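The values are calculated or read from the model by the stated rules, or taken from the named source; none is laboratory data. Note that this is a predicted model, so its numbers are computed, not measured. Heads up: the accessible areas ignore ligands, DNA and RNA and are worked out on the full protein's heavy atoms, side chains in. Shrake-Rupley method; radii C 1.70, N 1.55, O 1.52, S 1.80 Å.
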Amino acid sequence: MREPPAPHSHRLDAFGLAISGICLVHCLLIPVAAVLVPAMAWNVDHETDHLFHWLLLGLAAPISSLALWRGGSRSGVFRWLKVGTVGLLLMGVGVLHLFGAASEVGFTMVGVILLAVAHIKNFQQTFHGWRHSFAIQERRATMSALSMEDES
């Protein structure tokens with residue numbers, strides 16, 4: 001028998017993970033490029049870079065929250081929602097420059113990594129639960145069909 005399609009929360013986890021990846025690559029490449037290419041360091045518009053961090057946080061917060069909440073609701077385990085929330089908060093601390101502008105990249109990277117781990121674990125947890133419940137449904141259907149044959 002064919003398995004039903006994966007729940008929508010898996011798509012949200014995948015999208016949240018993609019946003020986390022974009023943010024991580026962005027945070028890693030800009031400083032490396034600025035160090036390796038001195039001319040580029042003069043042309044980096046810090047306001048645009050900061051705006052980009054706000055944009056990514058604005059995308060990540062609702063998508064990640066929804067995906068991690070759905071995963072926790074389905075499995076009954078909200079551990080990964082908590083980890084993801086800490087990641088989003090660290091990203092927010094970085095974007096708000098609460099500890100200075102120089103700390104933005106550090107806080108953002110740690111937050112993004114926590115958020116990515118939360119999405120991966122949430123996906124694994126909900127996928128395992130989804131597969132497990134599908135297997136139970138299949139077993140029940142088989143047992144029901146066998147008992148009907150025995151009665152005839």
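Using heavy atoms of the protein chains and a probe of 1.4 Å, the accessible area assigned to Val110 is about 80 Å². Using a probe of 1.4 angstrom and keeping all protein chains present, the accessible surface of segment 58-100 works out to 52 square angstrom per residue.
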